[in-house]
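To start, the structure itself, in structure tokens.
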There are 4 protein chains.
Amino acid sequence: MKVGIINVTGYSGMELARLLYRHPEVELTCVTGRSAVGQKLGDFLPHLGDIDLTITEDLTEAVDFVFSGLPQVASALALTPVIRQGIKAVDISADFRLKDPAEYQQWYGAEHPSPDLLPQAVYGLTEWYRPQIAECSLLANPGCYPTSALLALGPALKEGLIGEDIIIDSKSGVSGAGRGLGLMYHYAEANENVSAYGLGGHRHLPEITQEIKAYVPGFQPRVTFIPHLVPMTRGILSTCYAPLKDGALPSGKAGEEALRELYRASYKGEPFVRVMSQPPQTKQTLANNYCLVYPVIDHRTNRLVVVSVLDNLVKGAAGQAIQNMNLMAGFEEGTGVDALAAYP
Amino acid sequence: MKVGIINVTGYSGMELARLLYRHPEVELTCVTGRSAVGQKLGDFLPHLGDIDLTITEDLTEAVDFVFSGLPQVASALALTPVIRQGIKAVDISADFRLKDPAEYQQWYGAEHPSPDLLPQAVYGLTEWYRPQIAECSLLANPGCYPTSALLALGPALKEGLIGEDIIIDSKSGVSGAGRGLGLMYHYAEANENVSAYGLGGHRHLPEITQEIKAYVPGFQPRVTFIPHLVPMTRGILSTCYAPLKDGALPSGKAGEEALRELYRASYKGEPFVRVMSQPPQTKQTLANNYCLVYPVIDHRTNRLVVVSVLDNLVKGAAGQAIQNMNLMAGFEEGTGVDALAAYP
Amino acid sequence: MKVGIINVTGYSGMELARLLYRHPEVELTCVTGRSAVGQKLGDFLPHLGDIDLTITEDLTEAVDFVFSGLPQVASALALTPVIRQGIKAVDISADFRLKDPAEYQQWYGAEHPSPDLLPQAVYGLTEWYRPQIAECSLLANPGCYPTSALLALGPALKEGLIGEDIIIDSKSGVSGAGRGLGLMYHYAEANENVSAYGLGGHRHLPEITQEIKAYVPGFQPRVTFIPHLVPMTRGILSTCYAPLKDGALPSGKAGEEALRELYRASYKGEPFVRVMSQPPQTKQTLANNYCLVYPVIDHRTNRLVVVSVLDNLVKGAAGQAIQNMNLMAGFEEGTGVDALAAYP
Amino acid sequence: MKVGIINVTGYSGMELARLLYRHPEVELTCVTGRSAVGQKLGDFLPHLGDIDLTITEDLTEAVDFVFSGLPQVASALALTPVIRQGIKAVDISADFRLKDPAEYQQWYGAEHPSPDLLPQAVYGLTEWYRPQIAECSLLANPGCYPTSALLALGPALKEGLIGEDIIIDSKSGVSGAGRGLGLMYHYAEANENVSAYGLGGHRHLPEITQEIKAYVPGFQPRVTFIPHLVPMTRGILSTCYAPLKDGALPSGKAGEEALRELYRASYKGEPFVRVMSQPPQTKQTLANNYCLVYPVIDHRTNRLVVVSVLDNLVKGAAGQAIQNMNLMAGFEEGTGVDALAAYP
């Protein structure tokens, strides 16, 4: 299958190239990137030096499958003709995630370029929408924060364990902000520093809320989501808090075990989610496609606390995108994204 | 005033030495440390090379004031004779923080060495207990996490803005774990890594709860406190969540302004707490004694979110300890701890 | 081919496990590790959770090939019976690198456990000894620093470009020191810190000198080698300095081009060495098996300066070890170690 | 003394403000900065919130002493009228370091704005030029790399111990590159990464060479200087290599002792240079004005190796600038820059 990457020069795009290069079912044949048109990929990005391609301005040859690593709005603009041509595509940007164009406009400050395509887009949280993903042509790859939060809360939501007051406190490495320069991401400023941001409302909040509502009809979550920047390159850890419903779980240690059992059952057979017995660490997913989930009960307050970790550029972006491509193309789901984490 | 430091070889102890050396009212005359007895301080800790002292096993000469940087239990054992001799002391360990010896035993797994001294110990959150601190002989210096959480929540608690469901999600640099070796603090493991710990209950939880209850009589907080390790040396950021009581604040932007005004009024004149107009960063307090506080409203859920930052070794340990010593000794409160942050 | 790893619990051992798990020609069937005997590999090292093995004390079953990730001396002791049994082995420790047992004793402070095996051991710098490696049964995997230095200097040595005054200034990430605890590797000490060490003579110096002499008969290098610890987990950058012989290269820009051309010719066809046109960065080899080499001329002083980078745990340890195993077993050389770097 | 800082918004400028605010002999009365004119200093740079000043476009009031933290060329342009007015000034940029305007043009690519001022400028390596500094009106503050290299080599040069083949391999934290954005300093690129730069010739090379020649008349050094970027915010470590002259020092351990004794004698009484008995670490000078120097002999090759460390923003910039101001103004040399290092 011939595959193209739109905007290989951002972090999602280069991570796609890294992973696709070793994908046995795929030939990477076209990479675009406005800032480096005409350059050899390996000259612009030396770690991709084994890939013999020249960066082009647009998709230049027939490809069977397209990934877009462009920012929002630009991504929808670039993908719309591709989709209309009948080529399957995965959009790593946020453009096809929110179902409601009005909500899109509110959060992204722009009219949606092709709202008519929204109904056919499938939200690509693989573990929740596997059948729909396998059938779709246009996949909206989830945000990195939503992936970590939804996989942390999914089983508790599905089993009706928790009430609607949900707090998601996420900590992300700096690559999540992309390759665009900014003082907040300048090394001497970001290093040895932690800060909260998006306190007035981060764009991943409506995505999380939409998906929780879709997952549990009738549930009206009141979600507070606060992301934080921590001094590392890759990785997200989300700590999710919610009240446990009375009687939802046995008391004491038995409750803990029942909870973990329920999570294990829920994720049974999942190739890229693991329920842990010890608190997970982001480094345990470095450069790999896993999401590690650790649910516990705060017995003093009868709250559920779930910690999840993943690599924002892999399970939070390019890895999940390829996992979804595999489903869309009929390949084995883990093909090309089954490397173990590069720990330490 | 002749001052001694018990256990100068831990991070709190060496930070005390660093700050006291430039304190104009104090002469550092004795430093102890079991692992380095007989060595010159500057040979064991080269950054303290300007201080011409030899590390001893015990307090060897008459001192007027003592700091202990020992771990719990050992600290109470070492300080008890000092206190009984009538020498004023600041304990940086947790030994004199919890008022109830049974609670101490439960959380620290040891019988309290001198429970009869507990009633005279004053909890040294300077901003809350200034008059009592000025009068006391035995000061229990607050934990780093409690300092950040209590200063973040204080004004909202005092004004009755919030309900009892409180969540404190803290992110700490690795020096908070001390100088003792451990795989979790081994560079190759801790670097590029974030993890949650203490999920079964961290020792700073009862301290936080005790102090909130003491601060607001009748208030019965249900606190979930989850600390996280982030890859930096110094700094704590705490994100605190609590439900706002209906009508506690005006709606919309006016509420935000009223909230900030209320926090500013509450901390008016405080030399080391600043209410910020922008989200603060831990680096803005690097090596300095400030706690920066930023309260906001999550209007979608009517929750209070307060972010606070401080340097765990300064305002969270040695700096606040010296601030308290200044009060106890009748010096100007900021003497010796008024350096600006070493940003970037 | 059934493969065993002795001491999977060190960084080299766990990196071997990570890479071998995806090696298509190999089945990892046995992993030993004294500190964790009886534990599931995935419980002890969660990032290896996909590998269903229990850690044993000794090699418990028939294996066709053995890697040792033990420290020196212990490694020779463990491997000697394996070798005598006729099983092929790669030793990642230093035990079989120095040809002269007296030199071994001088630098490692112990009598060599099996000096009779030294003559059959082949030094596994793949690019220099490919034919010998393919024939050998006992392979001494090169040290991380020597790999970076020898690949940097090789073409200049071979072509007789340089004189004998060689200075190698290396900068290594902290994982090079292994998983054993030490204050120098304690996060709060190693972070935001650079230091030189081994100034009295590092153990990799005799290895470098031996190999240069073997590579260029009659050449008597005077090597100064100073390693430095830098605050990152993985990666080595070596900056190598040597006087250019008069007339060895054309003057001016032509000299630069001739030099690079000569390096390119020398490494032509090499799967894991690349001669760069821009100064390389350690991150360009993160978790990958490349060594990137950049030679330049300091025209003001007529010196050669060569910068090389690699990942100390991959090309500097486990990756090169597998590259060598591939040769020894008759597999394609790059099998299992051809992943691109996990940049950024 | 009323002091102004031109360009407080760069790292040197803000470090000057941090240190001057606590300087007992100085009142900071004016700070300029083009990107933030009209803003309160504490709004733009929250860590300077205690300083109640508004950022202006130009020096707005009578000041008695001026520091410039502007980049080269701009700095000379801004300082020239100040100097001509008879106000004493310290230039942290490179504009008045090179004595020869032609060399300035060659390395900085611009004609010098006021070459007539060059003869009166004194190179401010305090330890070498104390009397001249005390008398001067225009001080050229040394570069961070030259400070580390010259203090490392000074005693060996002065005593005639070494030959002319000098190699300086320096490792710098990223703040040395300033606050201007660039991909090389983007967190996700600079973190977990080491690289060499300036391989064609760094601007600090002619400065080092000029000063060595001035220090040892007749000595014609052949200096290779290669700087490296390492992932930390502050700190420089320079490793300097030079051949020892035959017979310059006793052989064996006695040579080492003679060498250290000679260095100690040379730096006797210096308030900010310390000759170490153990290899120094950059962190031992964090946020402090020391340069730590460690000379050793590589006996195998009869080479001198000297390691030096300093904080590039303090002894390498703002701290040394204030040390020089103290001399120029007749204050005690260490005033305001005598804080101990903020280790860890």
Please state which of the following conditions C:Pro217 fails to meet, knowing it meets all the rest: (1) within 14 Å of chain D (Cβ to nearest Cβ); (2) over 30 Å from D:Ala190 (Cβ atoms). (1)
Provide a single number: the residues in region B:178-198 that are surrounded by 19 or more Cβ atoms within 10 Å (Cβ to Cβ), in contact (Cβ under 8 Å) with a residue 12 or more places away in the chain and among the aliphatic types (A, V, I, L, M). 3
Between D:Ala258, D:Ala265, which is surrounded by fewer than 17 Cβ atoms within 10 Å (Cβ to Cβ), closer than 17 Å to D:Lys158 by Cα and out of contact with any Pro (no Cβ under 7 Å at 6 or more places or on another chain)? D:Ala265
Can you find, within region A:225-249, the residue that is surrounded by the most Cβ atoms within 10 Å (Cβ to Cβ) among those that are over 23 Å from the mean Cα position of the chain (by Cα), more than 9 Å from chain B (Cβ to nearest Cβ) and closer than 19 Å to A:Ile168 by Cα? A:Leu244
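Across region D:24-62, what is the total count of residues that are in contact (Cβ under 8 Å) with a residue 24 or more places away in the chain, β-branched (Val, Ile, Thr) and over 26 Å from D:Asn312 (Cβ atoms)?
Qualifying residue count, region D:24-62: 3.
Within region A:26-44, which residues are under 16 Å from A:Arg179 (Cβ atoms) and under 23 Å from the mean Cα position of the chain (by Cα)?
Within region A:26-44, A:Val31, A:Thr32, A:Gly33 meet the criteria.
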All but one of (1) buried (at least 21 other Cβ atoms within 10 Å of the Cβ); (2) more than 29 Å from D:Gly252 (Cβ to Cβ); (3) over 16 Å from the mean Cα position of the chain (by Cα); (4) within 13 Å of chain D (Cβ to nearest Cβ) hold for C:Gly252; which doesn't? (1)
Considering each of C:Ala152, C:Ala140, C:Ala156 in turn, give the residue that is within 14 Å of chain D (Cβ to nearest Cβ) and either at pLDDT below 95 or surrounded by 23 or more Cβ atoms within 10 Å (Cβ to Cβ) (or both). C:Ala152
For the condition farther than 30 Å from D:Leu28 by Cβ, small (Gly, Ala, Ser) and either touching a Lys or Arg at 6+ places or on another chain (Cβ under 9 Å) or free of Cβ contacts under 8 Å to residues at least 12 places away in the same chain (or both), what is the one hit in D:Ser251, D:Ser277? D:Ser277
Taking the stated definitions as given, is B:Ala317 assigned to a helix (DSSP H, G or I), modelled with pLDDT of 95 or more and either surrounded by 20 or more Cβ atoms within 10 Å (Cβ to Cβ) or more than 12 Å from chain A (Cβ to nearest Cβ) (or both)? yes
So which of B:Ile55, B:Ile51 is within 14 Å of chain D (Cβ to nearest Cβ) and either among the hydrophobic types (A, V, I, L, M, F, W, C) or assigned to a loop (DSSP other than H, G, I, E, B) (or both)? B:Ile51
Of the residues in region C:265-281, those that are touching a helix residue (DSSP H, G or I) at 6+ places or on another chain (Cβ under 9 Å) and away from chain D (no Cβ under 14 Å) come to C:Ala265, C:Ser266, C:Tyr267, C:Glu270, C:Pro271, C:Phe272, C:Val273, C:Arg274, C:Val275
Return yes or no: is B:Ser170 within 14 Å of chain A (Cβ to nearest Cβ), among the polar types (S, T, N, Q), within 30 Å of A:Leu286 (Cα to Cα) and assigned to a strand (DSSP E or B)? yes
What tally of residues in region B:175-197 results from selecting those that are part of a loop (DSSP other than H, G, I, E, B) and either facing chain A (nearest Cβ under 9 Å) or among the acidic types (Asp, Glu) (or both)? 5
Scan region D:70-86 and report the pairs whose first residue is under 14 Å from D:Gly4 (Cβ atoms) and whose second residue is at pLDDT below 95 and hydrophobic (A, V, I, L, M, F, W, C), with Cβ atoms within less than 9 Å and a gap of 6+ or a chain change. D:Ala78/D:Leu59; D:Val82/D:Leu59
Could you tell me which of the residues A:Leu98, A:Leu157, A:Leu125 is touching a residue at least 12 places away in the same chain (Cβ under 8 Å), touching a helix residue (DSSP H, G or I) at 6+ places or on another chain (Cβ under 7 Å) and in the same structural domain as A:Ser35 (by TED's automatic domain parsing)? A:Leu98
D:Val309 being facing chain C (nearest Cβ under 8 Å) and either assigned to a loop (DSSP other than H, G, I, E, B) or out of contact with any helix residue (DSSP H, G or I) (no Cβ under 7 Å at 6 or more places or on another chain) (or both): no
Out of all the residues in region B:26-34, is one or more surrounded by fewer than 23 Cβ atoms within 10 Å (Cβ to Cβ), touching an Asp or Glu at 6+ places or on another chain (Cβ under 7 Å) and closer than 16 Å to B:Lys88 by Cα? yes
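Looking at this structure, is B:Leu304 at pLDDT 95 or above, buried (at least 23 other Cβ atoms within 10 Å of the Cβ) and farther than 29 Å from B:Val90 by Cα?
Taking the combined requirement at face value, the residue satisfies it.
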Which members of region A:282-294 meet the condition of being in contact (Cβ under 8 Å) with a residue 40 or more places away in the chain and more than 10 Å from chain B (Cβ to nearest Cβ)? A:Thr285, A:Ala287, A:Asn288, A:Asn289, A:Tyr290, A:Cys291, A:Val293
Using the structure shown, decide if A:Glu103 is surrounded by fewer than 17 Cβ atoms within 10 Å (Cβ to Cβ), within 14 Å of another protein chain (Cβ to nearest Cβ) and within 21 Å of the chain's Cα centre (by Cα). yes
B:Gln132 being farther than 19 Å from B:Ser308 by Cβ and in contact with a Cys (Cβ under 8 Å, 6 or more places away or on another chain): no
Of the residues in region D:14-35 that are farther than 21 Å from B:Pro271 by Cβ and within 12 Å of another protein chain (Cβ to nearest Cβ), the one that is modelled with the lowest pLDDT is D:Ser35
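The values are calculated or read from the model by the stated rules, or taken from the named source; none is laboratory data. Predicted, not measured: the structure shown is a model, and the values here were computed from it. As a convention, Cβ positions derive from the backbone with ideal geometry for all residues, glycine included, and neighbour counts pool all protein chains shown.
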